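Comments concern the structure below.
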Amino acid sequence: MRRIVLLGPPGAGKGTQAALIARELRLPHLSTGDLLRSAAAAGSPLGVEADRYMREGHLVPDPLVLGVLRDRLAQPDARQGFLLDGFPRNVAQAEELATVTALDAVIAFELPRNVLVERLQDRRVCPKCHTVYNTRTRRPDREGRCDLDGTELVQRPDDRPEAIANRLAVYAEQTAPLLEYYRRRELLRPIDASGSLDAVAARLRRVILGSSDAGAPVRSSSAVTQRPRS
Ligand code: AMP
């Protein structure tokens, strides 16, 4: 199983877990949110346009996201497989994706809404290397600074309460129907996304590798670095 989509509401831990498992399985972690944020930080016309939607917690229009994703999927490291995080977000995107690549599994992260909101509000990120922290559960060694490069941690604009509410509503309306879409195609694999980082990673690894003891143990860490994008 190597062409994998991670599906689930914002705050479920898809990006954090993808970063862990991607290293272990040597698969690229493709996050459309990260790709769009990088484009926004670089100030490209696409990035500037995407940023207007992202800040408010709305979906970026499909043609923009699809362009970014197609470019990324065309890179050589994605040929052997990938962990796709944040895409598809609606049925139209799922249908487009099916024209570009087959999938082996769609792993659905399940978590109660109150836990999602808490995780999003407490999230802090390093704007330079994308390492994810949490003000309560995964604090950096030095208050407010990234463990890896010392950069000042920030709160994503879309982790503000108004934007969180929008993102959860968008998920319920547009993304949740994908659960049924992929269930019907016999690709859906639900996992319980509650509990510690290591507990969720173990469940995820079990689903991906299909055995309870496969793979090396995931390292415990206060921080998880996402793979740099090329
Ligand atoms: P994420 O990092 O996955 O939470 O995504 C952050 C934001 O990027 C989302 O709230 C959307 O504004 C935008 N975004 C990421 N992926 C997509 C997608 N597949 N379709 C539309 N917008 C997206």
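What is the calculated FRET efficiency for Val100 to Glu152, with r their C-beta to C-beta distance and R₀ = 45 Å, to the nearest 0.05? It comes to 0.75. Around the amide H of Arg145, modelled in the peptide plane, lie the amide H atoms of Leu153, all under 5 Å away and 5 or more residues distant in sequence or on another chain. Taken about its Cα centre, the chain carries a charge dipole of roughly 460 debye when the Cβ of each Lys and Arg holds +1 and the Cβ of each Asp and Glu holds -1.
What is the local net charge at Gly81, summed over the other residues whose Cβ is closer than 12 Å to its Cβ (Lys, Arg +1; Asp, Glu -1)? Each step should come with its number before you reach the end.
Values: positive: Arg2, Arg3, Arg26, Arg79; negative: Asp77, Asp104.
Summing Lys and Arg as +1 and Asp and Glu as -1 gives +2.
Taking Pro190, Pro88, Pro161 as the candidate residues, the one with maximal mean-square fluctuation in a Gaussian network model of the chain, Cα springs under 10 Å, is Pro161.
Here the 3J(HN,Hα) profile of region 101-110, calculated from phi with Karplus coefficients 6.51, -1.76 and 1.60 at θ = phi - 60°, is 7, 7, 10, 9, 7, 10, 9, 9, 7, 10 Hz, Gly and Pro shown as x. If a/c stays under 1.5 just call it rounded; otherwise compare a/b with b/c (prolate if a/b is bigger, oblate if not). Do that for region 158-204, with a ≥ b ≥ c from the square roots of the Cα gyration tensor eigenvalues. Oblate is the answer for region 158-204, as a/c is 1.5 or above yet b/c matches or exceeds a/b.
Among Gly195, Ala42, Leu103, whose Cα projects farthest towards the positive end of the dipole of the chain, with charges put on the beta-carbon of Lys, Arg (+1) and Asp, Glu (-1)? So the residue we want is Gly195. Using only side-chain charges placed at the Cβ, +1 for Lys and Arg and -1 for Asp and Glu, the dipole size of region 22-121 relative to its Cα centre rounds to 180 debye. Remark on Arg3: its backbone amide H falls under 5 Å from those of Phe82, Asp104, Ala105, a criterion applied only to residues 5 or more positions apart or on other chains, H modelled at 1.01 Å from N.
Comparing Glu110, Glu143, Glu152 in a Gaussian network model of the chain where C-alpha atoms under 10 Å apart are linked, the largest mean-square fluctuation is found at Glu143.
Counting 0.36 nm for each residue step from Ala172 to Leu209 and taking away their Cα separation leaves a gain of 10.4 nm.
Applying 0.36 nm per residue to the separation of Arg145 and Ser44 and subtracting their alpha-carbon distance, the gain on full extension is 33.6 nm. Charge dipole of region 124-185 (Cα centre as origin; +1 on each Lys and Arg Cβ, -1 on each Asp and Glu Cβ, all else neutral): 240 debye, rounded to the nearest 20. Rounded if a/c is under 1.5, else prolate if a/b beats b/c, else oblate: with a ≥ b ≥ c from the C-alpha gyration tensor eigenvalues square-rooted, which is region 69-198? Here region 69-198 falls in the prolate category. In the chain, helices alone account for a calculated mean residue ellipticity at 222 nm of -13000 deg cm²/dmol, with every DSSP H run of four or more residues adding -39,500 (n - 2.57).
Put +1 on the Cβ of every Lys and Arg and -1 on every Asp and Glu Cβ in the chain; which of Ala12, Gln80, Asn114 then has its Cα farthest towards the positive end of the dipole? Positive-most Cα among the choices belongs to Gln80.
Here the Karplus curve 6.51 cos²θ - 1.76 cosθ + 1.60, taken at θ = phi - 60°, turns the phi angles of region 127-138 into couplings of x, 8, 10, 6, 4, 9, 10, 9, 5, 10, 9, 9 Hz, with x standing for Gly and Pro. Rounded to the nearest whole Hz, the Karplus-based 3J(HN,Hα) values (6.51 cos²θ - 1.76 cosθ + 1.60, θ = phi - 60°) of region 143-154 follow the sequence 2, x, 10, 5, 5, 8, 9, x, 5, 5, 6, 10, with x at glycine and proline. Count the DSSP beta bridges whose two residues both fall in region 1-159, then state the antiparallel fraction as a percent rounded to the nearest 5. Counting DSSP beta bridges with both partners in region 1-159, the antiparallel share is about 35 percent. A cut-off of 5 Å between modelled amide H atoms, ignoring neighbours fewer than 5 places along the same chain, links Ser31 with Asp85.
What does the C-alpha gyration tensor say about the overall shape of the chain? Classify as rounded when a/c is under 1.5, otherwise prolate if a/b is larger than b/c, or oblate.
Rounded shape, in that the Cα axes give a/c under 1.5.
Here, each number is a calculation from the coordinates, and none is a lab measurement. It should be emphasised that the depicted structure is a prediction, and the values quoted were computed from it without experimental measurement. When we count neighbours, we look across all protein chains shown, and the Cβ atoms used for this are built from the backbone with ideal geometry, even at glycine.
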